[in-house]
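Nothing in this text is a laboratory measurement; each read-out follows from the coordinates by a stated rule. Given the structure is predicted, the values throughout are model-derived calculations rather than measurements. With ideal geometry, Cβ positions are generated from the backbone for all residues, glycine too; neighbour counts draw on all protein chains shown.
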There are 2 protein chains.
Amino acid sequence: MLTDPCFPVTIEMIEQAAQRLQCVGVRTPLLESPYLNDRAGRRVLVKAEVLQRTGSFKFRGAWSAISALDDDSRKRGVIAYSSGNHAQGIAHAASLHGIAATVVMPADSPALKLANTRTLGATVITYDRLGGESREAVGEALAQERGLTLIRPYDEPMVIAGQGTCGLEIAEQALQMGVEEADVLVCCGGGGLSAGIAIALAAKAPQLRVRPVEPAAADDTCRSLKAGQRLSNPANPNTFCDAIVTPMPGELTFPVLQQLAGPGLTVNDAEVLTAMKQALMRLKLVVEPGGAVALAAALKPASAPGDAVICVLTGGNVDEHWLARAVDC
Amino acid sequence: MLTDPCFPVTIEMIEQAAQRLQCVGVRTPLLESPYLNDRAGRRVLVKAEVLQRTGSFKFRGAWSAISALDDDSRKRGVIAYSSGNHAQGIAHAASLHGIAATVVMPADSPALKLANTRTLGATVITYDRLGGESREAVGEALAQERGLTLIRPYDEPMVIAGQGTCGLEIAEQALQMGVEEADVLVCCGGGGLSAGIAIALAAKAPQLRVRPVEPAAADDTCRSLKAGQRLSNPANPNTFCDAIVTPMPGELTFPVLQQLAGPGLTVNDAEVLTAMKQALMRLKLVVEPGGAVALAAALKPASAPGDAVICVLTGGNVDEHWLARAVDC
């Protein structure tokens with residue numbers, strides 16, 4: 001299938017991002033466990049993005065965007081607003097390039113998160129979340145004032161291209177493991193990873209089809225795909241999968257999913273906790289709640305039929321509390 | 001350096017084992033975390049063998065030995081005595097070959113371990129450990145009686161050759177990551193992995209030197225290397241690193257370590273628990289106590305100097321109790 005000219009990203013952009021990522025990013029393994037296969041009654045192949053630098057796939061998009069900057073932008077530096085995986089990816093990718101990174105985080109962030117972002121080499125600027133300041137406003141004002149390049153977490157073509165490199169690897173690795181046709185379940189927040197992988201697979205392995213997976217309480221993409229238009233999540237949805245709760249599907253990412261992805265899937269928090277436990281015991285991998293929703297869906301064969309299923313474990317930056325809960329469940 | 005003619009294994013045997021393992025074993029990644037580098041004050045590269053099939057490097061040796069059997073031996077089947085990682089490796093490798101595997105385990109093994117070994121496709125035969133039966137005697141009697149091929153856990157050339165494939169990968173991956181000279185810290189029980197890696201590195205990357213790492217309470221290899229002869233561990237040593245407690249260094253493996261390895265290193269259980277926690281939080285990997293001793297040593301720069309250090313996380317088959325303890329520490 002040719003890439004749709006309306007898409008924000010072409011397969012060539014993804015291949016160029018993969019070139020720039022070579023020898024820097026981790027080519028994360030596609031793993032399989034006889035125990036999980038036994039439990040699911042079919043082959044379950046697991047793309048271990050928790051092993052990516054900074055513990056999530058977000059490094060791919062951050063590296064892609066930063067490595068594509070011109071000299072002038074490099075000199076001025078970059079800025080991101082995020083207290084999560086995107087911020088860590090940006091901070092580390094910028095630091096490896098010797099580029100200054102500013103990360104806007106809430107003043108009431110856990111001390112460890114602030115310290116981690118600084119360890120990765122970023123300058124942290126805090127804002128008063130509780131007093132009503134918005135991170136977007138603070139970030140955009142600073143970007144303009146200081147001439148910094150703002151790198152958005154998903155509605156950003158070079159970021160989507162970087163996430164697509166994960167799809168190129170899946171296409172190659174699945175073939176090596178003898179899987180030619182399967183659903184590819186992807187944990188979905190703003191849709192950057194799902195869209196990037198979908199474009200890569202459409203070009204390289206069209207028998208592998210992306211299906212976004214979300215927590216049932218924040219299923220904006222799932223509902224939007226059904227409705228044919230972007231719908232919002234409720235405010236403060238009741239789920240512990242915080243890393244993938246976004247207001248609504250991305251402006252750039254949603255049209256890609258509409259054209260290339262299969263129907264969305266949802267899982268509840270109890271299923272996610274069980275998947276986190278299975279990842280620990282059977283795959284030896286630490287996964288954060290938002291990073292485990294696709295595995296949770298893969299372990300329910302009825303939700304996505306087929307002899308084999310592929311799922312992406314997107315991130316592993318979980319705090320000790322939830323890790324302990326997963327061990328105990 | 002040419003392989004010593006007295007060694008049980010040549011580099012050619014390791015390369016042939018790597019050929020047979022291709023497309024079956026996991027080429028485990030060599031990982032690096034900016035947080036661990038910051039903590040250790042130097043680069044720490046971590047070979048993630050916990051991601052190998054069945055959760056430990058033992059699958060390499062098991063596959064190597066089983067894939068080298070002649071047709072007649074395949075028809076009769078194999079036997080191993082172990083309740084641990086070697087048994088799981090043998091059971092899974094045999095099952096993938098369609099070969100019958102018998103595993104001799106203590107009757108009082110945890111129910112989950114018995115069930116796991118059966119899930120992997122082996123026939124389990126239990127023996128009365130408490131009544132004084134020895135697993136070696138039961139295993140050897142059964143092997144003779146039924147014509148099964150006994151596959152020992154480390155004093156077995158084809159097993160050592162299989163473990164050596166991990167060393168071939170380290171040689172290539174370290175070079176890709178820009179590390180040309182370093183100590184390679186390897187968790188050491190009977191010495192099969194340490195010896196296999198040492199032979200591979202001597203041939204492919206002689207600037208990388210193996211150093212076996214043990215719990216301080218079961219430091220037989222460390223003491224033996226100093227004394228120039230094989231010395232025993234005390235009976236029931238006081239350490240929770242049970243997977244790498246063996247009576248004494250192997251007959252075949254020790255001469256290899258004497259010639260090729262640097263001095264041994266020891267760590268205490270508290271340091272191991274901290275390393276398990278660091279692996280969870282920073283590498284997103286579950287590691288069993290015996291599999292974490294090398295990382296524990298790597299995080300103590302004084303013990304093995306250098307700008308960079310490589311360590312092997314050998315296994316991740318930890319029970320929930322110790323996993324919970326590591327999360328809490």
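Local charge sum around A:Pro249 (other residues, Cβ-Cβ under 13 Å, Lys/Arg +1, Asp/Glu -1)? Surrounding charge for A:Pro249 is -2. Compactness of the protein assembly as shown is given as radius of gyration and Dmax, 25.0, 83 Å, from Cα positions.
Counting every alpha-carbon pair across chain B, the share separated by more than 32 Å comes to 22%. Packing around the peptides A:231-243, B:125-137, A:187-199, taken as the average count of other Cβ atoms within 10 Å per residue, puts them in this order, highest first: A:187-199, A:231-243, B:125-137. Between copies, the label points at A:Val24 (set 7 angstrom from Cα along Cα-to-Cβ) are spaced 3.8 nm, reported in nanometres from shortest to longest. Give the separation of the Cα centroids, the range A:136-190 to the range B:200-231, in Å. Spelled out, the Cα-based centre of one part sits 44 Å from the other. Remark on B:Tyr127: its backbone amide H falls under 5 Å from those of B:Met105, B:Ala107, a criterion applied only to residues 5 or more positions apart or on other chains, H modelled at 1.01 Å from N. A straight line joining the Cα centroids of the range B:45-94 and the range A:289-304 runs 30 Å. Rounded, prolate or oblate: which one fits the range B:78-147, using the alpha carbon gyration tensor with axes a ≥ b ≥ c (rounded when a/c is under 1.5, else prolate when a/b beats b/c, else oblate)? Cα axes put the range B:78-147 in the oblate bin.
Extending 7 Å from Cα along the Cβ direction at A:Asp72 and again at B:Gln258 yields two label points whose distance is 7.0 nm. The same position B:Pro5 in the other copies lies at 7.4 nm from this copy, comparing label points 7 Å beyond Cα toward the beta-carbon, shortest first. Only Cα pairs under 8 Å and 6+ residues apart enter the sum, and on that basis the relative contact order of the range B:78-147 stands at 33 percent.
For the range B:147-210, what Kirkwood radius comes out of the mean inverse Cα-Cα distance, in Å? It is 12.1 Å.
Across the identical copies, the label point of B:Met177 (7 Å from Cα in the Cβ direction) is separated from its matches by 2.2 nm, in order from shortest.
Residues in the range A:148-164 carry Karplus couplings, in order, of 7, 8, 7, 10, 6, x, 9, 7, 8, x, 5, 5, 4, 4, x, 4, x Hz; the curve used is 6.51 cos²θ - 1.76 cosθ + 1.60 with θ = phi - 60°, and Gly or Pro positions show x. Spin-label model, A:Ser134 to B:Asp108: label points 7 Å out along the Cα-to-beta-carbon direction sit 6.6 nm apart.
For chain A, the relative contact order comes to 21 percent (Cα pairs under 8 Å, sequence separation of at least 6). Restricting to the protein assembly as shown, what percent of DSSP beta bridges are antiparallel, rounded to 5? Antiparallel: roughly 15 percent of the beta bridges in the protein assembly as shown.
P(r) for the range B:189-262, from all Cα pairs and a bin width of 5 Å, is 3, 19, 29, 23, 15, 8, 3, 1 %, short bins first.
If you average the sequence gap of Cα pairs under 8 Å that are 6 or more apart and divide by the length of the range A:1-58, what percent do you get for the contact order?
26 percent
Taken residue by residue and averaged, Cβ atoms of other chains lying within 10 Å of the Cβ of B:282-291 number 5. Under the simplified labelling scheme, the B:Asp38-A:Glu320 pair shows an inter-label distance of 1.7 nm, with each label point 7 Å from Cα along Cα→Cβ.
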